[in-house]
Structure formats: structure tokens, C-alpha cells
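The values are calculated or read from the model by the stated rules, or taken from the named source; none is laboratory data. Remember, predicted model here, so these are calculated numbers, not experimental data. Here Cβ is always computed from backbone atoms with ideal geometry, including for glycine, and neighbour counts include all displayed protein chains. For the accessible areas, the whole protein counts, side chains as well, though only heavy atoms, and no ligand, DNA or RNA atoms are used. Shrake-Rupley method; radii C 1.70, N 1.55, O 1.52, S 1.80 Å.
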Amino acid sequence: MHAEITQIVNETPSTQTFFFDLYLGHVPGQYVMVWIRGVDEIPMSLSYSNAITVQKVGDATAALFKLGKGDSFGIRGPFGNGFSLEGKSILLIAGGVGAAPLGSLAEKAKGNNIRVKTILGAKSAEELLFKKRFDNAGDLMIATEDGSLGYPGLATELVDELDLAKYDAIYSCGPEKMMFRVLNIAEGFDVLSRVQFSLQRYVKCGLGLCGMCCIDPSGLRVCRDGPVFRGDQLVGTEFGQYTRDASGKRVKL
Amino acid sequence: MDLTTNVTGLQLRNPTILAAGILGSTASSLKRVMSSGAGAVVTKSIGVALREGHPGPVMIQTEHGFLNAIGLANPSYHEFTHELKEAKGEVPVIVSIFGRNAEEFKEVALGLIGAGPDAFELNLSCPHAEGYGASLGEDPNEVEKITRAVKEAVNVPVWVKLPPLTSIVKSGLAAQKGGADAVVAINTLPAMAIDIESRFPVLGNISGGLSGAAIKPVALKCVYDLYAALNIDIIGVGGVSSWRDALEFILAGASAIEIGSAVYEDMDVFRHISEGIARYLQDTGCDLEDVQGAAVR
């Protein structure tokens, strides 16, 4: 599909939202393969049904950041399984650009009259993504590593203070080290099956065929069986330990 | 119904094999395929050095099948030895290997032999990596030389995967002369797609290989011709997605069939195809040996 950029919003110093002229019927947590022609194709979570929110990290995202309104990219998807919205009271734990798919989930939950509490973490106040979206959807707790806003420290330190058993469902997206800590906390409360994590792996084909994004030892494919998995699917796996690079070689986290 | 098949001395519980390049990069994905009923699995192609492969898109779905140009991404044989050791399990693991010449093929085979591969499949047919694959498989002298080099270096069966050409029988005969235990036919067909909005070729590598239902009739003809000309096992691959497809290949002379793209629709395709073959044999009162090559006239 051909997506023309209709608007670009500077969200934080390192992230931009690219709105495009297609509305993709999606479940929050699903992703698209974004083709920056002549450069590469990369998996990106949908942050709205007509937008992706991107952090500049490599060649492809750098090329994307050079595009303007009226420019275009190719798009395939939406792919994978998104978050399953459950219960009456939920907790979102977002770190950095991991807030991208959760912003869309928060709004959907609010629309369904679900009570939403969000813990949003970032390196600094200006790097907090979608603060207003989470604030509008319910309770918001903020953590910044440099202490410039909210709790000075990691988002997971705020999670430590909560009684996770009080929530019907918990959703997390962010750096894997952060999510691994959430997994451990959830294990302590015996609520692993209530937590849904959105995983990031080197997704190459997006079709479930190349096998590059499979998780050890289950062989579950992040691109097709995920990217959202429940905590009980991730205990005892490579999650939090290592990932793989473009060649398939293991890289310690 | 017993579907046990002997292919180049390997005992397969049924004649369905995971094709190279599909879900074959890690031990865990190979094991998942084993548990979905495959009689054997072939790994992703492994070479001498780490390769990240081509820029994306590396694979797309088209109306008639899939186009791919992964570009032989692999972590090198040094790294892959760990995966191979872990992958060893309920069914034979055949390691697909590639190289630029006989020496590289031999180096990879010797590098992996300690990890216990049940056989090697020589990738002489990948259509989208210059200097590798099909550019070697199209030259019968190279096919013979590379096959012989690997065959003399290792004591496990050596299968040679051939590119789909009008001269596939010549390459097949060359593999047989070089000592191959089996030939595998076919790999993907050279192909491409163009995005009409941007006027860019869609694959990052510009062109790639076509797989899926569209190539089945081409593959079937190759297997048929090879069976008539060769004395070694033929393994059929190309567009097999149902037990009826699989039987066509067996009737054309294939000892076993590899399955790739069909995994997209059905992870349990191996089990479903085996069950279909078993029903057919029961209904017709035959065993596998009776039907193998029965259509060759």
C-alpha cells in the first residue's frame, strides 16, 4: 500500500508521529511494515489507526525523518496480534517510545469505560511520549530518570509500590530490561497471565515464514504469534536475556 | 498407515520435510516444526561468514505466491553449531549450506560436522545472491566439483538443491556424477514486483525468487525429468500445500517432498499432508513404494 504523509508532529526531541492518508482498522499493539523506498523496510507499531510514532535509531528511521508532508512510503499490514482488552480496571506501563502502541490502547479502554492507570517513564520530562493522551484516559504517574518531572527514577520503581493484584489486566511496552522487571514483579504477585507485553525483535518478513524473530525455546514468532505475549508465555524464555541481530546471531541484552 | 520412508539412508517417519529458509534459523523454530509433524527439517542456509542479508523488503506476498530476497542472512557456521546441537531431536536435521566455491562449501561442511547434522543440502540454487547459489548450480562442472568436494569431506548423505532450468537434468546428472546421494528440485524462480505509485522495484534487492502454488507445475516437470534420468533419490519441492500436491510429486518420482510457503497458511501442514497421503494409500490399497514414480511413462 502507498501511504502519503499528511502531517508530522514533533512529539519529543527524539520522536515524531507521521500521520498518513490511510485508516487501518487495527487492534492497538499491531504493527505495520514500513518501506522507506531505496533504503529498507522496518516494523513499526501503529500509534493511531493512521499514524506511526518513530524514534530515530538507524538508517531507515533517519531516512524517514527526512521526509515531509506530501512525501510517501510503502506500508504492509496491520500484522500480528495486538493487546486484548480485558476487565474493568487496567494498568499500563510504558517506557520511552514503548508508549506508542499503549497510547492507542488507553484511548480505546477509556472509550469502553475501563478505568485506566498509566505509569509512563522516560529519560527526561521532554522525552515523555503521549503524556496528554494518557492523562486524558485516566490516572497518570510519571517517572523520569533525570528527575526532571514526577518520580525521579525508573518506571518499574513505581510499579514496585503498587498492588498488581488489584488490576484486571496489565499492559507493558518499552525497553526489554524494563519489561523483564515488570515480568518479575508480576510473578511475585502471581498475576503473570494478566500481563501482556509487546515484544521487539528483528522482524524481517512480517509473514511468519523466515523465522528470524522466533523466541527460544518455544519457537513462537514475534511477527505472527506476537508481538503481544502474556507473561506466562515468556517465563523461562530468552525474554530479558538475549535477542538476535540481522544475521540471526544471539546478542545479550 | 506406515509412512516411514528411507531417503538416502535416513529414516523419515513420513515423507514431508521442512524446506530450507523457512523457520530454519533457530533450534527452537526447527523444533516447533518437528512437533507439527514434519518427517525431517532443513535449516536456513549457512555459510562461512556472518551475513545480514539484503535490505528490506525481503519478502512480500503476491497474488500468486511469495517473493523473497532474504540474501542468505546467517550467523556463520561457527555460531550455528550451537543451534544445530540444540535442534537435534525427534527427526533428522539436514543442514543447508552455501559457499562461493568448492573450498567454501567444504569449510562449512567440516565446520558443522561435529555438531551432528544428519545430512547436508548444498544450496546451488538460490536465485538472489550474486556469486552464490544458482550462479553455481547452472554450471554442471561446478555442481560436480562442489558435490565431490563435500562428499569426500564428510560421511553423511549429501543432497544437492538445483535451480529450475530447462537444463536441470544436466545439473542433476553432474550432481550424481559428483557423488550426490539425492537431488532436491527446485528452488524459487527468479522474479520481481514493481510498485506503480513510486515506480520502485518492491524487493530491497530489486529481484528475488518466487515460491508458492504458482511454481508447482514447473517443479513437478523438473522432478519428472530428473526421475527419468537419474538413479539417486529425488526430493520434490515447489508449491506443495496439500496432500494432493504431495502425491503428484511422489507419482512423478519424488522420494519425499519439502514444504515451505504453505507454512504461511497452516503451521500443521506437515501433519495434514501426511494424514492425506495415508488416507490415499489406504483407499487405494497401496504403499508408498507402489506409487513412487508411478506416473512416469
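For region A:211-253, which positions are in a strand (DSSP E or B), touching a residue at least 24 places away in the same chain (Cβ under 8 Å) and away from every other protein chain (no Cβ under 13 Å)? Step through it out loud before you land on a result.
Restricting attention to region A:211-253, the residues satisfying the condition of being in a strand (DSSP E or B) are A:214, A:221, A:227-230, A:242-244, A:250-252.
So of that shortlist, the ones also touching a residue at least 24 places away in the same chain (Cβ under 8 Å) come out as A:227-230, A:243-244.
Passing the criteria: A:Pro227, A:Val228, A:Phe229, A:Arg230.
Mind checking whether some residue in region B:232-249 is among the β-branched types (Val, Ile, Thr) and either surrounded by fewer than 16 Cβ atoms within 10 Å (Cβ to Cβ) or in a helix (DSSP H, G or I) (or both)? Talk me through it step by step, then tell me what you get.
Start the filter on region B:232-249 by keeping residues that are among the β-branched types (Val, Ile, Thr), which leaves B:232, B:234-235, B:237, B:240.
Filter once more, so that each one left must be either surrounded by fewer than 16 Cβ atoms within 10 Å (Cβ to Cβ) or in a helix (DSSP H, G or I) (or both): none.
For region B:232-249, residues among the β-branched types (Val, Ile, Thr) and either surrounded by fewer than 16 Cβ atoms within 10 Å (Cβ to Cβ) or in a helix (DSSP H, G or I) (or both): absent.
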Seminar exercise, completed: For region B:246-266, pairs from a residue that is away from chain A (no Cβ under 11 Å) to a residue that is polar (S, T, N, Q) and open to solvent by 20 Å² or more (accessible area, probe 1.4 Å), with Cβ under 6 Å and 6 or more apart or across chains, are B:Ile250/B:Gln292
Exercise. Which numbered condition trips up B:Val33, out of (1) assigned to a loop (DSSP other than H, G, I, E, B); (2) closer than 29 Å to B:Asp283 by Cβ; (3) at pLDDT 95 or above?
Worked result: (1)
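Looking at this structure, is B:Glu90 more than 21 Å from B:Thr147 (Cβ to Cβ) and either within 13 Å of chain A (Cβ to nearest Cβ) or out of contact with any strand residue (DSSP E or B) (no Cβ under 9 Å at 6 or more places or on another chain) (or both)? Break it down stepwise before answering.
Numbers: more than 21 Å from B:Thr147 (Cβ to Cβ): yes; either within 13 Å of chain A (Cβ to nearest Cβ) or out of contact with any strand residue (DSSP E or B) (no Cβ under 9 Å at 6 or more places or on another chain) (or both): yes.
Taking the combined requirement at face value, the residue satisfies it.
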Exercise. Which condition number does A:Glu187 fail, the rest of (1) more than 14 Å from the chain's Cα centre (by Cα); (2) part of a loop (DSSP other than H, G, I, E, B); (3) more than 14 Å from chain B (Cβ to nearest Cβ) being met?
Worked result: (2)
Seminar exercise, completed: If you go through A:Ala3, A:Ala99, the only one that is outside any strand (DSSP E or B) and open to solvent by less than 40 Å² (accessible area, probe 1.4 Å) is A:Ala99
Exercise. What residue, among those in region A:27-39 that are open to solvent by less than 40 Å² (accessible area, probe 1.4 Å) and within 23 Å of A:Gly226 (Cβ to Cβ), is farthest from the other protein chains (Cβ to nearest Cβ)?
Worked result: A:Pro28
Problem set entry | Lone unmet requirement of (1) buried (at least 23 other Cβ atoms within 10 Å of the Cβ); (2) more than 14 Å from chain B (Cβ to nearest Cβ) for A:Phe73 | (2)
Exercise. Which of the residues that make up region B:45-65 are more than 7 Å from chain A (Cβ to nearest Cβ), of a type outside the set (A, V, I, L, M) and in contact (Cβ under 8 Å) with a residue 60 or more places away in the chain?
Worked result: B:Ser45, B:Gly47, B:His54, B:Thr62, B:His64, B:Gly65
For this session: Please indicate, with yes or no, whether at least one residue in region B:273-291 is touching a helix residue (DSSP H, G or I) at 6+ places or on another chain (Cβ under 7 Å), free of Cβ contacts under 8 Å to residues at least 40 places away in the same chain, closer than 18 Å to B:Ala20 by Cα and open to solvent by less than 10 Å² (accessible area, probe 1.4 Å).
Result: no
